[in-house]
Amino acid sequence: MATLTTDYDFSAIEPKWQDFWEQNATYNAKDFEDKPTCYILDMFPYPSGAGLHIGHPEGYTASDALKRYKKAKGFNVLHPMGWDAFGLPTEQYAIKTGMHPRDTTKQNVAHFKTQLRQLGFAYDWSREVNTTDPGYYKWTQWIFIQLFKKGLAYVDEKPVWFCPELGTVLANEEVLNTAEGPRSERGSFPVERRPIRQWVLRITEYGDQLIAGLKDLDWPDSTKRLQENWIGRSEGAEITFDIVGHDADLSVFTTRPDTLFGATYMVISPEHPLLSQICSSAQSDAVFAYAEKAKSKSDLERAELSKEKTGVWTGATAINPVSGKEIPIWVADYVLMTYGTGAIMAVPAHDARDFEFAKEFDLEILQVIDDNGHAEKDASGELSEAYTGPGNLINSDEQSGKDSESAKKAIIIQLAAEKRGEATVNFKLRDWLFSRQRYWGEPFPIVWVSKADYEKVDDSLKSIERPVSCQIDGELRFAVALPESALPLTLPEVDSYTPSPDGQSPLSKAEEWLHLYIDPKTGATSSEPVEGWVTGSRETNTMPQWAGSCWYYLRYIDPKNTDALIAPEKEKYWGYPDLYIGGAEHAVLHLLYARFWHHVLFDLGVVSHPEPFKKLFHQGIILGEDGEKMSKSRGNVVSPESIVVNYGADALRLYLMFLGPLEAMKPWNTKGIEGIARFLRKVWRLVVAEDGTRQAKIGATDQLDAETDRILNATIKKVSEDYEALGFNTAISQMMICVNQLGKADALTLDAIESLIKLLAPLAPHLAEELWLFLGHTGSIATAGWPVFDESKLKEDSIKIIFQVNGKYRGDAQFPADVCKDDAIATAKAHERISAHIEGKVIKREIYVPGKIVNIVAV
RNA sequence: GCCCGGGUGGUGGAAUGGUAGACACUGGGGACUUAAAAUCCCUUGCCAGUAAUGGCGUGCCGGUUCGAGUCCGGCCUCGGGUACCA
């Protein structure tokens, strides 16, 4: 099968080896093989119609190279690929063209796969997964049922972001705050708030575990911190205030119970349920008008327009539970209904927002924490800013004199005794809005039945501790899970993929699919009435795209299992991914959602480790040549395909890695690839002579000259270490140095050339395989092992010592490797330039760093 | 505002506290060639000098050190994330 070209002809070489790896299953993982395992995971792509972007091959080259390196080192490597194929663009295309999203997906996947192959990525395609495959989403639905039964899923009608253009609700995280107002992240369409019935997952119940689990993860610190901030755990207290003249009381959450004596007013959110009850008749018009205005604004708009604080007094007052003072209750939109209790105690002296508000409306500011001179004051000694630091309490009756920390505890204990408060923990993290009013997603395996029928349904199909109910078409309905035997619940065929303008999913029009009869004992379903069965209607929402991507890394381990999500013995053999490579744009959402599901699966006993991704690496973004983000509108997009045509996949791979550190954001530079192309031609010519025969100097000696030998061994060492640490850019530099040196040498050993080719193989696999074959080997270089360096060859027999005067370089000299301190210093002082610099000066110190430096300190 | 990253030649980037600029790209010069491509060699931080050499140089200011791109403190600036979370 050899193509004996005399020149480096990548277009002939590359497809041949791509076929070879696939046909020989060279890089397929083998379950239970008696070798150390290595599971390398890429973030799987959404197969869009546009095909691969230059950003995809960056991370994928790194993982492919690492995979080949690990394989050569003797690991049983699992490196799979799949498709995150549910999602909006495909569905938008379906709405426009009427083409079934399934068919579009099939085409796009085929295109992506071809492109990935052309780049030489040798995935284990026998383990390919596709989130839209019923055999896959059967288990996505299965996981949902487990969440449902554990009481971690519920339905809520609440104001959510709705995008009329996309016809669906969006999670808070999928909405961007732009100059034109809130817009959808995908497509940048206007979005609005609408109350719609939603499935929600109680991710907040895992808040503590998700924070605690971060501690042992080998992730970039910045990503861990990002998740930590996003979860936003804060410890504090819930405190109850009596309202004057009302039976109702008002609870607030605070992280600063130590400042309670300084609470001089309270604020409730405009959406607070108590608002209409407590506001006085005199104030009700003003309060109502204010609340209406606030409601029309979103959280994002409120924040945006928050240059000045606004608010209205409700006419009500509350009692400060420790000072007994009567304090006014205001309504203001700077207090969010979605965090804590939707109401706060305002301590203007020690909270920047409350301070600003108090100044605006001339409310009392009482300092209760001694700032020790840290806070700015005006001429009359009044605070001119809030002091938010800790300190000893003042103006706080019996608590005065205590420091913040002990006062917090003391006040909580006191309040708890009076049943007016308790220590609590709050999270910034909200429950996860888990439904979309779309067609192209996993259907919920849920049937809605009446209350009377619900009571007949077997417990195994229910969320027992927390029954899920809601109003559908004016009737109270209860959620029942389908039994496992009914999975997968597949998508029905529909006439139109267009969601209705009222926010109903296209599935709501699939009448035959929608209405059914269900056996209350087993959950079996039928489209015809059966004696003793009850009527029900299916859930018409579908799951968001995150669902399928939450657990795909598990399915690669056991992709075809029809009886379980994953077989326990395979799960134990492979464990979790040893390395997960993907963009930092998923630092919060995908990685948090997947961790949440994995924690739940761990609690269910499905997996044996609580955390899915022990080690995470973010590849950087490749910018356009103008240093800006690549985008069609800027016209700076580089297509991988055109590079492959002109330079070959090996050149593209090498160049992507040579651009800079993998984690860095770096601009593309088309000219730079010439250097890599030159390098590959040099490697080729180092082995293959112009007449197509082996270069005569290979094997012309059985001993390399010392310098070449040293550089070769140093290269094996550095390249191995760099691959291990994903430092591909410096590995390539070192291989260039090595190739330049091998080119200079008069005679080479065969072993030297073979070592170099092995080192290069992970990054330029096609070229390496071809040269390996050319040198007379049969079979893949993947099985040829990894070169080993000889430590003794790294030592130079003469070493260069740098001479400095006062820390400045002034010369150097060669010494035998075992030179002693006194000789080095004596030689330095005798050196022409050194003596010129120390002449007439007093030598104060002589520093000798063995084998490296002599520094003479002279004044 | 807060939280992360960065700032090194004309460019991408190298540098366990030890000669800053490895390795490349670009530019300049040369060899080979009828010519071009390819290839090879020299050169390429700035200033002064024919040169040897000297001075200056890793965003800015200061500190620690015999010695700082690297460690510490304070700024400036660019990029990303976040948005009143009590």
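Numerical summary
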item	result
Length-normalised contact order of segment A:811-859 in % [C-alpha pairs under 8 Å, at least 6 apart]	33
Sites A:S234 and A:K359, calculated FRET efficiency, Cβ-Cβ separation with R0 25 Å, nearest 0.05	0.45
DSSP beta bridge pairing in chain A, given as percent antiparallel to the nearest 5	80
Listed pairs A:K16/A:K113; A:K35/A:K70; A:K521/A:K570; A:K718/A:K793; A:K666/A:K744; A:K808/A:K841 exceeding 23 Å between Cα atoms	A:K521/A:K570; A:K666/A:K744
Among A:S608, A:V129, A:N806 the positive-end extreme of the charge dipole of chain A (Cβ point charges)	A:N806
Extension gain from A:E192 to A:A212, taking 0.36 nm per residue of separation minus the Cα-Cα distance	3.6 nm
Burial order of peptide ranges A:390-399, A:256-265, A:281-290 (average beta-carbon count within 10 Å, highest first)	A:256-265, A:390-399, A:281-290
For peptides A:7-15, A:77-85, A:436-444, sequence by mean Cβ density within 10 Å, most packed first	A:436-444, A:77-85, A:7-15
Spacing of the two label points (7 Å from each Cα toward its C-beta) at A:R466 and A:Q23, in nm	5.6
Global form of segment A:307-432, assessed from the alpha-carbon gyration tensor, a/c cut-off 1.5	rounded
Furthest towards positive pole of dipole, A:I838, A:P348, A:F144, structure part chain A, Cβ charges	A:I838
FRET efficiency, 1/(1 + (r/R0)^6) with R0 51 Å, evaluated for A:A664 and A:E33 via beta carbons	0.90
A:N646-A:H777 FRET efficiency (beta carbon distance; Förster radius 25 Å; 0.05 resolution)	0.25
Sparse-neighbourhood loop sites, GluC sites (Glu not before Pro) in segment A:641-694 - DSSP loop, at most 12 other Cβ within 10 angstrom	A:E690
Total charge dipole magnitude, segment A:796-858, about the Cα centre, Cβ charges on Lys, Arg, Asp, Glu only, Debye to nearest 20	440
Antiparallel %, DSSP beta bridges [both residues in segment A:233-427], to 5	90
For segment A:637-691, Kirkwood radius (reciprocal of mean inverse C-alpha pair distance, Å)	12.2
Low-density loop positions, trypsin sites (Lys or Arg not before Pro), segment A:618-702 - DSSP coil, at most 12 other Cβ in 10 Å	A:K632, A:R634
Within chain A, helix-based [θ] at 222 nm, where runs of 4 or more DSSP H residues each add -39,500 (n - 2.57), nearest 500	-10000 deg cm²/dmol
Debye log10 I(q)/I(0) for chain A, one point scatterer per Cα, at q = 0.06, 0.09, 0.11 Å⁻¹	-0.58, -1.05, -1.27
Three-way shape label, segment A:796-858, alpha-carbon gyration tensor, a/c 1.5	prolate
Lys, Arg +1 and Asp, Glu -1 on Cβ, resulting dipole of segment A:233-427 about Cα centre, debye, nearest 20	360
For segment A:183-245 and segment A:711-757, distance of Cα centres in Å	49
Charge dipole magnitude, Cβ of K and R +1, D and E -1 - chain A, Cα centre, debye nearest 20	2000
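None of the figures in this text is laboratory data; all of them are computed from the coordinates on show. The shown structure was predicted, so the numbers you read here are calculated from the model rather than taken from an experiment. Backbone-built Cβ (ideal geometry, glycine too); neighbour counts: all protein chains shown.
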